[in-house]
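Trainee: Right, I'll just put the structure down here and ask away after.
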Protein chains: 2
Amino acid sequence: MNQNYIKPNNWSIIEEGFQTDRVKSSESLFSIGNGAMGQRANFEEHYSGPTFQGSYIAGVYYPDKTRVGWWKNGYPEYFAKVLNAPNWIGINVEINGEQLDLFTCKRVENFKRELNMQEGWLSRHFVATLKNGITIEVITKRFLSLELDEVGAIQYSLKPINSDAEITLKPYLDSGITNEDTNWDDKFWDTTNVVHDNHQAFIEAKTMKTSFNTCTFMESQVFINDKALKIEPRINVEANYVSFSYKHQVKQNETYTIHKFGGYVVDTKHDKNELISAAKTVLKTALKAGFNTLLEDQKTAWKVIWSMSDITISGDVKAQQGIRFNIFQLNQTYLGRDSRLNIGPKGFTGEKYGGSTYWDTEAYCIPFYMATKDQKVARTLLEYRYNHLAKAIENAEKLGYSNGAALYPMVTMNGEECHNEWEITFEEIHRNGAIAFAIYNYQRYTGDYSYLPEKGLEVLIGIARFWHQRATFSTDKNRYVILGVTGPNEYENNVNNNWYTNYLAQWCINYTIENISKIEDEYASDFTRIMNKVKLSTLELAEWKSVAQNMYIPYSDKHNIYLQQDGFLDKELITVKDLDKLQRPINQKWSWDRILRSPYIKQADVLQGFYFFEDQFTDEELERHFDFYEQFTVHESSLSPCVHSIQAAKLNRMDQAYTFYLRTSRLDLDDYNKEVHEGLHITSMAGTWMSIVEGFGGMRIKNNQLSFTPKIPDQWEAYSFKVNFRNQILKVHVSQTETKFELEGEAKLQLLVNNTPVSILPMHLVTI
Amino acid sequence: MNQNYIKPNNWSIIEEGFQTDRVKSSESLFSIGNGAMGQRANFEEHYSGPTFQGSYIAGVYYPDKTRVGWWKNGYPEYFAKVLNAPNWIGINVEINGEQLDLFTCKRVENFKRELNMQEGWLSRHFVATLKNGITIEVITKRFLSLELDEVGAIQYSLKPINSDAEITLKPYLDSGITNEDTNWDDKFWDTTNVVHDNHQAFIEAKTMKTSFNTCTFMESQVFINDKALKIEPRINVEANYVSFSYKHQVKQNETYTIHKFGGYVVDTKHDKNELISAAKTVLKTALKAGFNTLLEDQKTAWKVIWSMSDITISGDVKAQQGIRFNIFQLNQTYLGRDSRLNIGPKGFTGEKYGGSTYWDTEAYCIPFYMATKDQKVARTLLEYRYNHLAKAIENAEKLGYSNGAALYPMVTMNGEECHNEWEITFEEIHRNGAIAFAIYNYQRYTGDYSYLPEKGLEVLIGIARFWHQRATFSTDKNRYVILGVTGPNEYENNVNNNWYTNYLAQWCINYTIENISKIEDEYASDFTRIMNKVKLSTLELAEWKSVAQNMYIPYSDKHNIYLQQDGFLDKELITVKDLDKLQRPINQKWSWDRILRSPYIKQADVLQGFYFFEDQFTDEELERHFDFYEQFTVHESSLSPCVHSIQAAKLNRMDQAYTFYLRTSRLDLDDYNKEVHEGLHITSMAGTWMSIVEGFGGMRIKNNQLSFTPKIPDQWEAYSFKVNFRNQILKVHVSQTETKFELEGEAKLQLLVNNTPVSILPMHLVTI
């Protein structure tokens, strides 16, 4: 772990000193995004050292032909790849004819990078001495506008400090970029047009196969000591490249500055034949405001976000920095503005996981977005799956299901499955349950039942049909069984009767039946519309019920626990603490078969079910299962520690809860899994938020009311968070001695605090 | 199925008529080989239609870098590929300036291809009319010499039948060849030298990475009406190519003939710097003999093979043709002359399965080679694994085992694992058991115990150590279990307690312990040598015993059968006959997950164990297990029907046994699995042999004696086979009314026939 690399700071991520072997990791950590696009913290100027270049446009992907050693029937044709998009941030710099390159220059001093999370910008400062002896101080600032989400702005200033220097600034656009991750070294982009007009340039490029038409654009202004300079640039146009050269004789200690505005317009939002004119409109707005005004707007926009979603922690800067980093990255990734988008596990910070949608959204991210945004955002995330229902039915058909059964994909961009390991793609079917659970969770939290008759019930029916067909009857057990699955714990493959999956399947069917009845009673016209569409017979419904009622639930009488799957107790039950530390992490040290037959759990599995359905189990049951499974859990998935943190807090094991909290919140900052160079773990960041609000704060919904059981780790003086509950904003402040609730808005709010009813009036503070 | 494509014939495989869509299939079916090299039946002359070019040199392979979608720890670095080697058979033909090409010429008539199995040659006859109007009759004959196994010979004759014609014959060598199957489109061959000398040409080429140095060579002679012609050829040399052009004005009805001799010399047998001179020596010998003498030698060599290995069947030409095709192909593939070689599942007939060694050799091929060859051949096959013991230990170490535990690879060329599906590579560990069983089987049949103290025991100890370490103790079952395996039935992955695997593991340990004792008692100096090497403690031995004694054996009390694996009875037990025929073969119709959770068995699994260890079960037990498992077996592996045929015969179900026999013996000839274009199923052909000798003939070894329980299908008048039992040759002739035994040699032989002792004197015939 790089435990002490990032400087502890309440509001910023700060790196001091330039280490070439840390460049890729820092490119991930300092990533910026605005929901519509995002980019790794690559340098503007040329860098010849090891770097992982990445700039991503939300929703723009490539269907990379599936590559496997041995083809198996049912594999999807392609794996959707998030695309490294044309580079618009580039500004090459020549100083007395020598290219500025931090990898090759003589000396780099006072290097400092800051990601200011409060205001939403990235800056860099350094003093470089070139081979030609010129020492130059560079200060940069960059942000992607939240307000104008097709544009970003860069301020790049250079000051020669030991002599005058001829400096050439070369802002450029480059569509000759590649992905690090391609299956067949295919070309992903086809550049169709490279044009320039005055100080503006445009590259039109189309993705191969998917035909997303994009226009990457830029416009620049240069200044000496903040005074605008009129320089006619030399223009260089190539097949995939255009650059402007602004050459100037800069005096010692003068500051030569460029403001570069750039970004993307895409045919998902504009007419594909009008992309250049759309880009000109964007540039006109940005230029008219100018860098400083855009920056002020950025600060304001982030202020609005933070005013709702901030969590404060006093007395523990690392914990504070961790949670803010998590909240910041979530907001950089997804803002709920476009129902075609979703939350990729690595957001806009890397190529891994293809930038696609996983069950992470429903299982981990929805609570965060429900509580810190308008509830429409969560509803938009639900609608994303509703819009993919036909594809989920198609996907199920490909695997042999019929009659409208829906199997949502493990990984998707457009509703089609695009993952290709059989043990995941075909078998990790619990994802279907998370999608149903999210509907329940949304309705429970927001109280907005309307989503079900309007859209949700159709999704639930498709999912219930899948479980009905997927379960088979075991005459031996005289029960329905679900054979050959992979549960949330991916260190088991092709197991029978994974408890989590069976329990969830049973719940999905029951929940669907319950809501069919309710909608029949209370939303007659919706009911008729839906039934005309899905053609659900009473016979089929009776069969569903039979499956749910007779679902096999693996249980050990000896241990008095639900079994993760059939045969779990046949394993050598050596606990993690008795496992040689040199063998960890097992996913790097052991062959796959050894992992599979071991008892070690990659991420919460039975405990994930206890998290979802907490109110169906007693605290004693939770404790027993936590004690049994935690001892075998290696948390080698980013999605694991948050669930354990919440449950440890519930069981009053605050030290353990705190340890899990640090692990989840600083997973990337401290690089626990030695892989941050590949990108950040965005979706698990929502789990971090849950571990404070639901874990320490103990927030639950009980009978349409908010309920809290506030606790606080010894290491903290106090913490606070806000939630938007049914359009009322409640601020919760927990210290070692008391809990304070503060309500915005106009109506009073009934709470449960430690199971005692509490009534709060608007604009009042209640201390408990 | 192409049921009626190949003409029924006792001694030949015959195709009549030219169908371009059958070219690839016929290229497989008419393949020729001599144990040292082999080739698909590609045309000598240029063919522009769909074709699968293949010429293979035994033991020459390329380590193709592993390609998987998601890398898992423990994957081998490469998959060994059998290499399409430089083409030496090529003879292009120009007639009045037009290239002869059966795909584009105006008309092809009287096309007939014959693979004469009795004499070991391939011929082709056709009359082609070219676009230029010339009609030409072509007759070719080709063989790979059994005697001079580095050389092959071609006689290619043309007769213009409607006018005179200028004919140019262009024999060539071409090393610019590629594999159909490559992971990364790597170049596999590096041509280092192309030279010619008089009528001879040589291409030296080296395999990339593995650096096998080869020299491909040719020399040609031309004739008019069998009279030698002196033509100085025009010579064309390119980077990877050399051709000679023999142009001649051929009169109508004259026959223009070329004899081309060619082949390979390899540095596995020659000094790599002397390859051309080695090739010249080979050519000198071949040319001195000439085509006709070489052909006579070929007939003689095959006569010797057939005199020992032939099986006759009267009254059923298709059955007769089937068994001879199987015996012929086995002899073309492996003759036991080189201990570095083995029997690839596709022999020299295609690229699939990499031409590598699988457990097929030990489980299926050894009995054939033991009974139809000198027993040294079988011993050579055992030594192949002894020579790979160090690599098997290394392979086990890579997967976390220690202390000399040996895991033989699933697929190998040189002892290293080179397969890369985790569910096979890491989990199909029963292969280790087959290797131990083969030692037992060899000793049982040949009576040659000396292999054990000399070499076999070390292999057994490595294998026993593996099973000891691989089994883990289940406190729940109070037994040792073997978790996470794939059994012979590859339609199950990552299952627990596969009966076959557990039973075999137990047997391996017991058999090893038994032989350690025997060798300690009877081979003291070998014992000391081995123990000094393997350092086996009494404690370890005690642990082995404990594992074997306490091995968990899955059993169903309800069905009174051993269970294929834990949880098998949880499946939906719909029998194959109740399965919609449109769903077959399931490996082409169903997604992998559906196959996995189905009850369908790809190949004998529990029944494979019953086959190996028949004497440990009663006939009633066999019948019960056969009845239970056969109904779920889809036989989608080539290795399955033979075992079921043997067991059906044992159970007196002769119709069923006959059906399975036809399926196994004509699998390729009738293309049951619609894949013969990829190559032939060589290793399962040994299973066909077993289904007659062990199935119908009922041959077993009981207390060091041959035992028979002869049966005969209604469809046959009679059948006969010969076995070499401990250097005595016994011929068995079974008709509908009697069985006759005939003994060669000098000593008398004690048999059991239908469990009654029978004594046979040499050169006598006994009728029963």
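The values are calculated or read from the model by the stated rules, or taken from the named source; none is laboratory data. Because the structure is predicted, anything quoted here is derived from the model rather than measured. Because the Cβ atoms are built from the backbone with ideal geometry, glycine has one as well, and the counts that use them run over all protein chains shown. Calculation scope for accessible area: heavy atoms of the full protein, side chains included, ligands and nucleic acids excluded. Shrake-Rupley method; radii C 1.70, N 1.55, O 1.52, S 1.80 Å.
Trainee: Give me a count of the residues in segment B:690-718 that are touching a Ser or Thr at 6+ places or on another chain (Cβ under 6 Å) and not in a helix (DSSP H, G or I).
Mentor: Count: 5.
Trainee: Quick check: anything in segment B:695-703 within 27 Å of B:N4 (Cβ to Cβ) and buried (at least 22 other Cβ atoms within 10 Å of the Cβ)?
Mentor: Yes: one or more hits.
Trainee: Oh, and also: Can you name every residue in segment B:460-510 that is crowded, with 23+ Cβ neighbours inside 10 Å, charged (D, E, K, R) and either farther than 19 Å from A:N493 by Cβ or within 8 Å of another protein chain (Cβ to nearest Cβ) (or both)?
Mentor: B:R465
Trainee: For segment A:261-286, which residues satisfy the criterion of being within 21 Å of A:K141 (Cα to Cα) and open to solvent by less than 80 Å² (accessible area, probe 1.4 Å)?
Mentor: A:F261, A:G262, A:G263, A:Y264, A:V282, A:L283, A:T285, A:A286 - these are the residues of segment A:261-286 that are within 21 Å of A:K141 (Cα to Cα) and open to solvent by less than 80 Å² (accessible area, probe 1.4 Å).
Trainee: Of the residues A:L573, A:L569, A:L539, only one is over 30 Å from the mean Cα position of the chain (by Cα), among the aliphatic types (A, V, I, L, M) and loosely packed, with under 15 Cβ neighbours inside 10 Å; which?
Mentor: Step by step, each of A:L573, A:L569, A:L539 is checked, and only A:L539 is over 30 Å from the mean Cα position of the chain (by Cα), among the aliphatic types (A, V, I, L, M) and loosely packed, with under 15 Cβ neighbours inside 10 Å.
Trainee: Mind listing just one residue for me: the one in segment A:6-32 that is in contact with a Ser or Thr (Cβ under 8 Å, 6 or more places away or on another chain) and among the hydroxyl-bearing types (S, T, Y) and, of those, surrounded by the fewest Cβ atoms within 10 Å (Cβ to Cβ)?
Mentor: A:S28
Matching residues to (1) away from every other protein chain (no Cβ under 14 Å); (2) in a loop (DSSP other than H, G, I, E, B); (3) open to solvent by 20 Å² or more (accessible area, probe 1.4 Å); (4) closer than 22 Å to A:P63 by Cα:
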residue: A:L382; (1), (2), (3), (4): yes, no, no, no
residue: A:I393; (1), (2), (3), (4): yes, no, yes, yes
residue: A:S402; (1), (2), (3), (4): no, yes, yes, no
residue: A:A405; (1), (2), (3), (4): no, yes, no, no
residue: A:N414; (1), (2), (3), (4): yes, yes, yes, yes
residue: A:H419; (1), (2), (3), (4): no, yes, no, yes
residue: A:E428; (1), (2), (3), (4): no, yes, no, yes
residue: A:F437; (1), (2), (3), (4): yes, no, no, no
residue: A:Q443; (1), (2), (3), (4): yes, no, yes, no
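Trainee: Kindly indicate the residue of segment B:126-173 that is open to solvent by less than 10 Å² (accessible area, probe 1.4 Å), touching a helix residue (DSSP H, G or I) at 6+ places or on another chain (Cβ under 6 Å) and in a strand (DSSP E or B) and also farthest from B:E254 (Cα to Cα) among those meeting that condition.
Mentor: Looking at residues that are open to solvent by less than 10 Å² (accessible area, probe 1.4 Å), touching a helix residue (DSSP H, G or I) at 6+ places or on another chain (Cβ under 6 Å) and in a strand (DSSP E or B), I get B:V151.
Trainee: Yes or no: B:S123 under 23 Å from B:M218 (Cβ atoms), free of Cβ contacts under 8 Å to residues at least 60 places away in the same chain, away from chain A (no Cβ under 14 Å) and assigned to a strand (DSSP E or B)?
Mentor: Against the criterion (under 23 Å from B:M218 (Cβ atoms), free of Cβ contacts under 8 Å to residues at least 60 places away in the same chain, away from chain A (no Cβ under 14 Å) and assigned to a strand (DSSP E or B)), B:S123 qualifies.
Trainee: Output the number of residues of segment B:38-76 satisfying the condition of being within 13 Å of chain A (Cβ to nearest Cβ) and in contact (Cβ under 8 Å) with a residue 12 or more places away in the chain.
Mentor: Adding up the residues that qualify gives 9.
Trainee: For the structure I just gave you, tell me whether A:Y449 is more than 14 Å from chain B (Cβ to nearest Cβ) and at negative phi.
Mentor: So A:Y449 passes the test.
Trainee: Filter segment A:196-237 down to residues that are part of a loop (DSSP other than H, G, I, E, B) and either out of contact with any strand residue (DSSP E or B) (no Cβ under 6 Å at 6 or more places or on another chain) or within 18 Å of A:N84 (Cβ to Cβ) (or both), then give me how many there are.
Mentor: Of the residues in that region, 10 qualify.
Trainee: Let me ask another. Among B:I516, B:I561, which is away from chain A (no Cβ under 14 Å) and open to solvent by less than 20 Å² (accessible area, probe 1.4 Å)?
Mentor: It is B:I516.
Trainee: If only one of B:G90, B:G35 is crowded, with 19+ Cβ neighbours inside 10 Å and on the phi > 0 side of the Ramachandran plot, which one is it?
Mentor: B:G35
Trainee: Can you name the residue in segment A:85-95 that is of a type in the set (A, V, I, L, M) and part of a loop (DSSP other than H, G, I, E, B) and is also farthest from the other protein chains (Cβ to nearest Cβ) among such residues?
Mentor: Ranking the candidates gives A:I89 first.
Each row is one residue, and each column tells you yes or no for (1) touching a His at 6+ places or on another chain (Cβ under 7 Å); (2) aliphatic (A, V, I, L, M); (3) at pLDDT 95 or above.
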| position | (1), (2), (3) |
| --- | --- |
| B:I429 | no, yes, yes |
| B:Y440 | no, no, yes |
| B:Y451 | no, no, yes |
| B:K455 | no, no, yes |
| B:L460 | no, yes, yes |
| B:W467 | no, no, yes |
| B:A471 | no, yes, yes |
| B:Y480 | no, no, yes |
| B:T501 | yes, no, yes |
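Trainee: Additional query: B:N183 versus (1) more than 14 Å from chain A (Cβ to nearest Cβ); (2) open to solvent by less than 30 Å² (accessible area, probe 1.4 Å): which is the lone unmet condition?
Mentor: (1)
Trainee: So is A:N754 open to solvent by 50 Å² or more (accessible area, probe 1.4 Å) and either touching a Ser or Thr at 6+ places or on another chain (Cβ under 8 Å) or modelled with pLDDT of 95 or more (or both) or not?
Mentor: yes
Trainee: So B:I323 passes all but one of these: (1) over 28 Å from the mean Cα position of the chain (by Cα); (2) among the β-branched types (V, I, T); (3) open to solvent by less than 10 Å² (accessible area, probe 1.4 Å). Which condition number does it fail?
Mentor: Condition not satisfied by B:I323: (1).
Trainee: Give just the number: which of (1) surrounded by fewer than 19 Cβ atoms within 10 Å (Cβ to Cβ); (2) farther than 21 Å from B:K352 by Cβ; (3) within 18 Å of the chain's Cα centre (by Cα) does B:A378 not satisfy?
Mentor: Result: B:A378 passes all but (1).
Trainee: Would you check which residues across segment A:533-553 are away from every other protein chain (no Cβ under 11 Å) and part of a loop (DSSP other than H, G, I, E, B) and list them?
Mentor: Once the filter is applied, which keeps residues that are away from every other protein chain (no Cβ under 11 Å) and part of a loop (DSSP other than H, G, I, E, B), segment A:533-553 yields A:K535, A:L536, A:S537, A:N550, A:I553.
Trainee: Then there's this: Every residue in segment B:554-570 that is within 16 Å of A:G484 (Cβ to Cβ) and assigned to a loop (DSSP other than H, G, I, E, B), please.
Mentor: Those that are within 16 Å of A:G484 (Cβ to Cβ) and assigned to a loop (DSSP other than H, G, I, E, B): B:Q564, B:Q565, B:D566, B:G567.
Trainee: Moving on. From (1) crowded, with 23+ Cβ neighbours inside 10 Å; (2) under 31 Å from the mean Cα position of the chain (by Cα), pick out the condition that doesn't hold for A:I258.
Mentor: (2)
Trainee: Let me ask something additional. Among the numbered criteria (1) assigned to a helix (DSSP H, G or I); (2) surrounded by fewer than 24 Cβ atoms within 10 Å (Cβ to Cβ); (3) not hydrophobic (A, V, I, L, M, F, W, C), which single criterion is violated by B:R337?
Mentor: Here B:R337 clears every test but (1).
Trainee: Suppose we filter A:V151, A:V82 for residues that are within 24 Å of the chain's Cα centre (by Cα), at pLDDT below 95, more than 14 Å from A:E45 (Cα to Cα) and not small (G, A, S); which single one remains?
Mentor: One residue alone meets the criteria, A:V82.
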